[in-house]
Amino acid sequence: MSKKRGSWCWALLWAGLVGLSLVGAGPAAAAESRPTLHLFNWADYMDPAVITAFEKQYHVKVVRNFYNSNPEMFAKLQAGGDRQYDVVFPSNYYVPRMIDAGLVQPLDHVRIPNLDNLKPKFRNPAYDPQDRYSVPYQWGDTGLAYDTRKIKNAPQSWAILFDATRNPNQPFAMRDDAQMMLGAACAYQGAGYRCTGRKHWTKAAKLLLATKQRDNFNGFAAGTPVLQQLARGTVAVGVTWNGDFYHYRRKDPKAFEHIKFIVPEEGSELWVDTMVIPKQAPHPKLAAQFINFVLRADIGAQISNRNDYATPNAAAQPELKVSLSGPPVTPTDAELQRLYFTPIIAGDDLAFVNQLWGQLLSR
Ligand code: N2P
């Protein structure tokens, strides 16, 4: 074949290939080329219809990945997730440590005008002054869920976990979060959920170790799996969240007929889950657009109505279902008085807590 003819052949082949790929460029191929927003959220925490509405309105595709605890989320971001995800949903006390670790970027408030929809008490929080890095998403509390058939005397206290004589035989689960569990142990020991300092933490860790070494300890689990274990009867009592408890019971009243939720009398955790944009997010502008979308009044209400969690969005209030305004979703005033934000710790203190927790898990 002459050189000239050869190049003609190549040209024809090339044209054919391009033609073929154009034939293939139907709606599916177009969808592939849409910008893609990557969310990394708690499992079961976002109405899929909200995702579809966002995709339609902005002609984008949303891909979702899930986690079950703050420590899991943090480890995955440190392992490269900060370059992979566009929006992540850490709880209040994880925001400062993500800022310190350089995992998140400041927000451009001009792109998020719906920030004005938030209740004033959720603006400018101590964990993120001036709302620089985070926007509140949902809020709730942590307590104990138990099976009334197996735990007869309605528990009011963390003692149902920490005092072996109160629950000698029934399997129980604790939560896989160092600071939250140290806080619970401190509360039980009289130092308060917000305890800080090596003396209190060491004493609390001793109690957690003794608790962990009991035969009926069933593991450190995240809150949602604990509810599944309760429904299956694998545990009789465990640490979980108010909204998840309500949500699971609403979805399957039969399986949760005998499960109750309490906020222990010694005090427990109040939390706000937030939305942040990782430092190296692939699509930070689209991420801000998504955050602004979530803050719309109607979308805020839709999310809470589906999740069974309270919303920090004032504009969403008129569209919320009535059941969200009372306990367990909105704590009573008496409960609120014993609910506290998990303390913000950093540097040596954080390293100390992480070390205590590592030792606890390995023994
Ligand atoms: C999602 C519950 C997440 C709340 N199912 C924990 N902060």
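Just so it is clear, none of the values below were taken in a lab; they were calculated from the coordinates. Please read these numbers as outputs of a predicted model, since none were measured by experiment. Because the Cβ atoms are built from the backbone with ideal geometry, glycine has one as well, and the counts that use them run over all protein chains shown.
Structure above, values below:
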item	result
Cut-off 11 Å between beta-carbons: net charge of the residues surrounding Ala346, Lys and Arg +1, Asp and Glu -1	-2
Prolate/oblate/rounded label for the range 241-302 (Cα gyration tensor, a/c 1.5)	prolate
Residue-by-residue Karplus 3J(HN,Hα) for the range 45-53, coefficients 6.51, -1.76, 1.60, Hz, glycine and proline x	9, 8, 5, x, 5, 5, 4, 4, 4
Separation between Cα centres of the range 133-178 and the range 347-363, rounded to whole Å	22 Å
FRET efficiency for Arg132 and Ala75, using Cβ-Cβ distance with R0 set to 25 Å, rounded to 0.05	0.60
DSSP bridge pairs, the chain: antiparallel proportion in percent, nearest 5	55 percent
Principal-axis tilt of helix 3-23 within the chain, Cα atoms, nearest 10 degrees	40 degrees
Residues whose placed amide H lies under 5 Å from that of Phe341, excluding near-sequence neighbours	Leu270
Cα shape, the range 319-363, gyration tensor, a/c 1.5 rule	prolate
Net charge over other residues, Cβ less than 12 angstrom from the Cβ of Ile151 (K, R count +1; D, E count -1)	+4
Inter-site label distance for Ser33 and Lys212 at 7 Å from Cα along Cβ, in nm	5.4 nm
Listed peptides 116-127, 231-242 by packing density, highest first (mean Cβ within 10 Å)	231-242, 116-127
Helical contribution to [θ] at 222 nm, DSSP H n ≥ 4, -39,500 (n - 2.57), averaged over the chain, rounded to 500	-12000 deg cm²/dmol
Inverse of mean 1/r across different Cα pairs in the chain, Kirkwood, Å	22.3 Å
Residue-wise HN-Hα coupling along the range 140-150, computed from phi with Karplus coefficients 6.51, -1.76, 1.60 (Hz; x: Gly, Pro)	x, 9, 10, x, 10, 10, 9, 9, 5, 6, 9
Rough spin-label spacing in nm, given labels placed 7 Å along Cα→Cβ, for Thr234 and Lys199	4.1 nm
On Cα atoms only, tilt of 178-188 relative to the major axis of the chain in degrees	20 degrees
Most positive-pole-ward Cα, Ala49, Val60, Phe256, against dipole of the chain from beta carbon charges	Val60
Rounded if a/c under 1.5, otherwise prolate or oblate - the range 97-187, Cα gyration tensor axes	prolate
Inter-part distance where the range 274-300 and the range 32-48 are each reduced to a Cα centre, Å	11 Å
Nearest-ten-degree value, helix 284-294 long axis tilted from longest Cα axis of the chain	60 degrees
Within-15-Å neighbourhood charge of Ser323 [Cβ basis; K, R +1; D, E -1]	+2
Test item: Cα-centred dipole of the range 218-342, Lys/Arg +1 and Asp/Glu -1 on Cβ, debye	460 debye
Percentage of interatomic Cα-Cα distances in the range 127-244 larger than 22 Å	36 percent
